[in-house]
1. G88 versus (1) modelled with pLDDT of 85 or more; (2) open to solvent by 10 Å² or more (accessible area, probe 1.4 Å); (3) not hydrophobic (A, V, I, L, M, F, W, C): which is the lone unmet condition?
2. Could you look through region 1-41, keep only residues that are aromatic (F, W, Y) and part of a loop (DSSP other than H, G, I, E, B), and pick out the one that is nearest to the chain's Cα centre (by Cα)?
3. What are the residue pairs meeting all of these: first residue in region 29-48, first residue more than 16 Å from W120 (Cα to Cα), second residue of a type in the set (A, V, I, L, M, F, W, C) and at pLDDT below 90, Cβ atoms under 7 Å, and 6 or more apart or on different chains?
4. Can you find, within region 107-131, the residue that is farthest from I19 (Cα to Cα) among those that are touching a residue at least 24 places away in the same chain (Cβ under 8 Å) and part of a helix (DSSP H, G or I)?
Amino acid sequence: MQNPIKIYWVASVWAKWQIILPAESRKDFQIEIWKIYNIHSISVKQGKKENEFIAFSIFDSEKLKNCNNKIEKIEWVDRIHKAEIKIGTKFQFVIPAEIRKVLDIEHWNNIIVIWKYPCWLGFIKNDKIDYLFNFIKEDLFNNEKKWKKI
């Protein structure tokens, strides 16, 4: 399968708005301590309703170039609230205030960590898991169509 999605364990939001990255995700995404990564919120558009913010992701600008902008082709995804984060010595980072606000992230919330090879690490709240399943279904459907063409 091309560009798989991998789901890791759930991470908790700590008292200082920090998330510690799961060990396996550090290795897969090749996280570097003290490196600056881009972070942005993700929203979905549902018909005529306003966009609903469901998740955020971090990515390395250099790695994103190798993705051929495949992320941007997913029509139901909109990315705003861009910022930068720095990974600390314990592989933790602070969720920026603007992203916490639009996603309604509270202390001790559980966040599902996913990885879209090789492009980004995504973080979605447990109460938005339906969107994650829809994203996976869409990804599988698109890959299935590609395989049928071969």
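1. (2)
2. W17
3. Short answer, once both residue conditions are applied: V44/I54; V44/W76; V44/V77; K45/W76.
4. Y131
The values are calculated or read from the model by the stated rules, or taken from the named source; none is laboratory data. No experiment lies behind these values; they were computed from the predicted model shown. Neighbour counts run over all protein chains shown; Cβ positions are idealised from the backbone, glycine included. What goes into the accessible areas is simple: the full protein's heavy atoms, side chains included, and nothing from ligands, DNA or RNA. Shrake-Rupley method; radii C 1.70, N 1.55, O 1.52, S 1.80 Å.
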